[in-house]
C-alpha cells in the first residue's frame, strides 16, 4: 500500500514532474522533463501483482518500497475511431495501418524519498494482455538533473 496520497493526511510535496515519453514498438524514451508547481493524481490503492498486465507508473524508495503508483490507459491502440456520417454522428473503428510513435505526458509527484521511476507496459504492443515488463526505468537523481522549469 502506498504511504503517500492518502486524502485524510497532508500531501508531503508541492511539485510534480511532467515527463514527456515517446513509445514506439514497445520501447519507451524520455523526450522532456519539467518540474511544475502542481500535485499529481492520487496513487492507486493496492499494488500490481506479479504477472499483471496493463500500463502503470511507479516511484520506489532506495529500499525498493513502492511510494507511488498509478494505472494508465493502454497506449497501444490497434484501431482508431472515425466519424462515418457527419449528420448522425455515427462512428466506427478502423484498424491502424502501421504503428506510430505514441507521445504522451506522465505526471508523477516530486517525492524527496523517491529514488527510482519506472513505467511498466506490454513488451509487444500487439499483445497488451501479456504480463507487463519495465519499459522505462530511471533513477530519480537523473530525472532531476535533466529537469527544466517552465517559464
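The values are calculated or read from the model by the stated rules, or taken from the named source; none is laboratory data. Keep in mind that this is a model prediction, so the values were computed, not measured. Ideal geometry is used to build each Cβ from the backbone, glycine not excepted, and the neighbour counts take in all protein chains shown.
Would you mind listing the strands (runs of 3 or more DSSP E) fully within segment 60-151 where at least 2 residues are free of Cβ contacts under 8 Å to residues at least 60 places away in the same chain, surrounded by 10 or more Cβ atoms within 10 Å (Cβ to Cβ) and touching a strand residue (DSSP E or B) at 6+ places or on another chain (Cβ under 9 Å)? Give the derivation first.
Details: elements: 66-72, 79-85, 90-95, 102-109, 116-121, 133-139.
In segment 60-151, the matching strands (runs of 3 or more DSSP E) lie at 66-72, 79-85, 90-95, 133-139.
Could you tell me which numbered condition residue 131 fails, if it satisfies all but one of (1) under 25 Å from residue 36 (Cα atoms); (2) at pLDDT 90 or above? Condition (1) is where residue 131 drops out.
Could we say that residue 14 is assigned to a strand (DSSP E or B) and either loosely packed, with under 13 Cβ neighbours inside 10 Å or at pLDDT below 90 (or both) here?
Numbers: assigned to a strand (DSSP E or B): no; either loosely packed, with under 13 Cβ neighbours inside 10 Å or at pLDDT below 90 (or both): yes.
For residue 14, the condition - assigned to a strand (DSSP E or B) and either loosely packed, with under 13 Cβ neighbours inside 10 Å or at pLDDT below 90 (or both) - is not met.
As a summary of the residue check, residue 65 satisfies the conditions (1) closer than 21 Å to residue 143 by Cβ; (2) modelled with pLDDT of 80 or more; (3) within 15 Å of the chain's Cα centre (by Cα) except for the one numbered (3).
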